[in-house]
Amino acid sequence: RQLQQAARQLASALLGLGLEPGDRVGIWSHNNAEWLLLQLATAQVGLVLVNINPAYRTAEVEYALNKVGCRALVTMRQFKSSDYLAMLQQLAPEWVHGQPGALESGTLPHLRSVVWIDVPGQGDEVPGLLRFSELMARGRSDDPRIDRIAATLRPADPINIQFTSGTTGFPKGATLSHHNILNNGFFVGEAIGLQPGDRVCIPVPLYHCFGMVMGNLGCLTHGATMVYPSEGFEPLAVLEAVAQERCQALYG
């Protein structure tokens with residue numbers, strides 16, 4: 001119930017940014033709870049979640065955001081040597097004078113809102129950008145728009161875009177529906193015998209189908225618990241999570 005309420009609160013906040021069903025919302029992050037919340041919140045109100053590989057560099061993220069016309073982006077601030085906000089500011093230096101929700105850039109013409117995943121109360125403000133905690137505070141889990149929009153959605157509606165590049169050329173955006181990813185997750189859970197109360201350790205990246213579909217949706221359709229041992233893959237953290245959380249399944 002806590003997860004449901006938080007996801008609805010975020011869905012409400014996303015609608016408050018002016019987003020409408022069918023709009024694209026990018027997620028550029030390693031594994032964390034905010035990733036899961038965004039996955040559920042976007043699906044609740046028909047926003048298309050766009051998975052962006054956290055290993056992408058400046059030119060690649062520019063291509064991905066523009067290829068599908070992302071209107072909003074949720075991103076980590078940084079991870080190890082990757083400074084995500086610095087890469088975005090390099091692409092759109094004019095954002096330093098922008099207003100949250102009304103960003104303008106010649107390089108990223110579709111993007112209007114950028115939200116960075118913060119630790120509440122910590123970190124400096126970033127001109128033109130919103131903290132995730134601030135965005136969440138704007139939403140209401142009882143927002144009547146959520147159920148009204150949800151009632152209009154259909155199983156075949158596109159809900160997720162995943163980029164796949166193979167070995168050559170630019171990444172291709174594969175569009176997936178509610179029906180596609182929900183059934184993928186459900187039947188994987190069936191195949192490995194997931195039961196209510198089971199715990200699944202998910203160290204594989206959420207930006208890929210393995211993490212967000214076989215992992216998150218496999219668990220959600222079976223009443224199982226999702227366990228993220230760390231943001232990026234750390235072998236010791238995985239083993240410790242399996243032991244401490246008594247996981248019945250481990251993805252790798």
Response to the item:
Listed residues 120, 54, 93; largest mean-square fluctuation, Gaussian network over the chain with Cα springs below 10 Å, found at 120
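Carbon-plus-sulfur fraction of the accessible area of region 37-89, 1.4 Å probe, in percent? Can you show the working numbers first?
Details: 870 of 1760 Å².
Of all accessible area on region 37-89, carbon and sulfur atoms account for 49 percent.
Where in the chain are the helices, taken as whole DSSP H runs, whose Cα atoms extend 18 angstrom or more along the long axis and whose Kyte-Doolittle mean reaches at least -0.5?
On the way: long enough: 2-16 (21 Å, 0.18); 178-191 (20 Å, -0.09).
Those that pass (Cα extent of 18 Å or more, hydropathy at least -0.5) are 2-16, 178-191.
Name the shape class, rounded, prolate or oblate, that the alpha-carbon gyration tensor gives for region 191-235, where a ≥ b ≥ c are the square roots of its eigenvalues, rounded holds for a/c under 1.5, and otherwise prolate holds if a/b is larger than b/c and oblate otherwise. Please list the in-between numbers first.
On the way: a/c = 2.36, a/b = 1.59, b/c = 1.48.
It is prolate, given that a/c is not under 1.5 and a/b is the larger ratio.
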Fill in: Average accessible area per residue (Å²) across region 56-148 - probe 1.4 Å, nucleic acids and ligands excluded
50 Å²
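Using 0.36 nm times the number of residues separating residue 58 and residue 192, minus their current alpha carbon distance, what extension gain do you get?
Working: separation 134, 0.36 × 134 = 48.24 nm, distance 3.87 nm.
So the chain would gain 44.4 nm between residue 58 and residue 192.
Using alpha carbon coordinates only, what is the Rg to Rh ratio of the chain, with Rh defined as the Kirkwood radius? Intermediate values should be presented prior to the final figure.
Values: Rg = 17.7 Å, Rh = 18.6 Å.
Rounded to two decimals, Rg over Rh is 0.95.
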Worksheet, complete the sentence: Cys residues of the chain with no disulfide-compatible partner (no other Cys Cβ under 4.7 Å) are 70, 209, 219
Worksheet item: How far apart, in nm, are two points set 7 Å out from the Cα along the Cα-to-Cβ line at residue 4 and at residue 110?
Response: 3.3 nm
Worksheet item: Label-point separation (nm) for residue 99 and residue 239, each offset 7 Å from Cα along Cα-to-Cβ?
Response: 5.5 nm
Fill in: region 96-252, accessible surface, carbon-and-sulfur percent (1.4 angstrom probe)
56 percent
Worksheet item: Where both residues lie in region 131-232, what percent of DSSP beta bridges are antiparallel, nearest 5?
Response: 65 percent
Worksheet entry | Cα shape, region 79-140, gyration tensor, a/c 1.5 rule | oblate
Item to complete: Select from 217, 38, 85 the residue whose mean-square fluctuation is largest in a Gaussian network model of the chain (Cα-Cα springs shorter than 10 Å).
Response: 85
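By the gyration tensor of its Cα atoms, with a ≥ b ≥ c the square roots of the eigenvalues, what is the shape of region 111-252: rounded for a/c under 1.5, prolate for a/b over b/c, or oblate?
Details: a/c = 1.37, a/b = 1.18, b/c = 1.16.
Note, shape of region 111-252 comes out rounded.
The values are calculated or read from the model by the stated rules, or taken from the named source; none is laboratory data. These numbers were taken from a predicted model, which means no experiment stands behind them. Methodologically, a virtual Cβ is constructed for each residue, glycine included, from the backbone with ideal geometry; neighbour enumeration extends over all protein chains shown. Side chains are part of the model used for accessible areas, which takes the heavy atoms of the whole protein and leaves out ligands, DNA and RNA. Shrake-Rupley method; radii C 1.70, N 1.55, O 1.52, S 1.80 Å.
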